[in-house]
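Inspection log for the structure reproduced underneath, given as structure tokens.
The values are calculated or read from the model by the stated rules, or taken from the named source; none is laboratory data. Bear in mind the structure is a predicted one, so any value in this text is a computation, not a measurement. Cβ: placed from backbone, ideal geometry, glycine included. Neighbour counts: every protein chain shown.
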Amino acid sequence: MFKHSIFLRIYAGLVILVALVAVFGYLLVQIINYQRAQEYRESLTDGVSYIISEGIARQPNEQQKKDWISDAADLLELPIYYVDASKVELSRAEKKRIEARKAAVRYDAEHSTAYIIIGLKDDAKHLLYIKVDKIGERQMKALPIFILDYLVYYPGQEKEYLAKIQSNFSYPIQIQKVQDLPLDSEQIGRLRLDHSIILYRDNASVRGTTISIVSPMPSSPSEVLVLGPVPLFNWMPFQLAAGITLLSLFVLSLGVYGLLVPMQRRLREVNYALHRMKSGDMTLRLPIDGTDEMASLASNYNSMSDHIQRLIEAQRELMRAVSHELRTPVARIRFAMEMLADEDDYDYRIQQVEMIDKDIEALNTLIDEIMTYAKLEQGAPSLDFEKIILSDVLDQVVVETAALKTQKDIQLKAPPAELMVDAERRYLHRVVQNLVGNAVRYCNQTVIVSGGVDEQGLAYVQVEDDGQGIAEEDRQRIFEAFSRLDDSRTRESGGYGLGLSIVNRIAYWFGGTIHVDESPTLGGARFTMSWPAERFNQSKKKGILTKDDIDV
């Protein structure tokens, strides 16, 4: 049932789509955060790498450079390697950063270790290679020492040179008065002891938590060097969350649109077909793709179009046939009336009255046939299905036909007396009556009537005769209204070409079929009507469906 419902497929598609968008959003956040984290690491190391490069460049010879690097490694408690540049393979992006006197950072997520590569000023043959496997207060408090070491060469001009190197730092570095900072007495005491302090600030704005490193200025006890505030890395900032949310909603809307477009297209086809039908064009048929509700709608529309077209054609044919069939008895009646006006012979007048009576009876019979056919053709009749004994209906028709003294041998092969089938008795009687009457007209001598239930659970009635039979190419046409294969024989026998059409429509409303072939025993025509021996359930009497009968 799931695969037959377009709405369930849409709901399931939405669930899958939401899951896919969630996975997509998660992966996108991870990818973006990986790039953001890399940029964050590089921004934190750019200023320090510049200061370290300047400090090494001030050393007069290579040995002093190595000693300076060793002192820096002890200060940071991190291994620093002075390596040959030719032994380090750099990517294009890393080369550009080093040429711009910025740090290249390689991060090993598995071991949570960063490798910082720093280019040296005026020394393209060597690189600094720093392995950072921990970041603590020791490392953070060492950063101001490198900056103060840089500023010691510019006494009295510290603020000017800080402004010059500010562009290399992603966070502010400045010299401030101690009293301008929100410090408590303990922190001020530590500064007076030449200890650096770290300030944490939890900001409710988008900046989040920040860190500032405050270090005393050796040349001025009232001033301190302040690095920061440095914002901690935020894995989900507002801008990123808003962007990912909007992008996910956009992707979700595209997915929903993709799910609804096929249904919208098929509804547009139905709407176009209905407009064509409204304009009188009944030739358009909808393609039936799949087995869902839209396919069912297309199938029902096609069936409705076929039925309406058949009704229109039947109405036209009915009008033509009725006008033709009515003219003959009416003309005979008019002629007989004229004869009566001019005839004085009593016996002859009685004869003409009898002929007029027969023509009126023929008109009544024709009108009854036309009304029955029209009632069955226009729409579902009121069918009162009930359990009936099949042999009783067959026996009743055989007895009624024999009473007409047709001089034909009508044989009944009755089914078991206890065999019961679901049927509308009045219409089933009409079917057997029409088939037997048709067989009597065209047989030579023998007609066999039988019935029963086959292996597929289908009830059937069967009438066969020993006449000339019906050619195979005419076996479908005989069920059309007013269809005659032999007009002269039909007129002699009093037929109007509606009997088999009525049988065909009754079979349709019974949910069965009617077909004709050759009788294997008599050699003539054999008509067989079959229909379900049991209705779906008793609630379907009178053609009423319940909600349990509808596949939802």
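Numbers for the structure displayed
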| quantity | calculated |
| --- | --- |
| Meets criteria (at negative phi, assigned to a helix (DSSP H, G or I) and surrounded by fewer than 11 Cβ atoms within 10 Å (Cβ to Cβ)) for VAL270 | no |
| Residues being farther than 16 Å from GLY119 by Cα and of a type outside the set (Asp, Glu) - total across the stretch 73-84 | 5 |
| Flag for GLU343 being over 21 Å from LEU498 (Cβ atoms), modelled with pLDDT under 75 and surrounded by 12 or more Cβ atoms within 10 Å (Cβ to Cβ) | yes |
| Any hit, the stretch 476-484, residues being of a type in the set (S, T, N, Q) and at pLDDT below 85 | yes |
| The stretch 275-298, residues that are surrounded by 15 or more Cβ atoms within 10 Å (Cβ to Cβ) and part of a helix (DSSP H, G or I) | MET277, GLU293, MET294, ALA295, SER296, LEU297, ALA298 |
| Looking only at the stretch 408-448, and only at residues there that are among the charged types (D, E, K, R) and assigned to a strand (DSSP E or B), the one that is nearest to PRO520 (Cα to Cα) | LYS413 |
| Leading residue by the ranking (nearest to MET140 (Cα to Cα)) among those in the stretch 1-13 that are of a type outside the set (A, V, I, L, M, F, W, C) and assigned to a helix (DSSP H, G or I) | GLY13 |
| Looking only at the stretch 350-401, and only at residues there that are of a type in the set (Gly, Ala, Ser) and at pLDDT below 80, the one that is farthest from the chain's Cα centre (by Cα) | ALA362 |
| Leading residue by the ranking (nearest to VAL29 (Cα to Cα)) among those in the stretch 219-240 that are modelled with pLDDT of 80 or more and of a type in the set (A, V, I, L, M) | LEU232 |
| In the stretch 459-475, the residues that are modelled with pLDDT of 90 or more, outside any loop (DSSP other than H, G, I, E, B) and either surrounded by fewer than 19 Cβ atoms within 10 Å (Cβ to Cβ) or not aliphatic (A, V, I, L, M) (or both) | TYR460, GLN462, GLU464, ASP465 |
| Verdict on LYS413 being assigned by TED's automatic domain parsing to the domain that holds THR528, surrounded by fewer than 17 Cβ atoms within 10 Å (Cβ to Cβ) and not aliphatic (A, V, I, L, M) | yes |
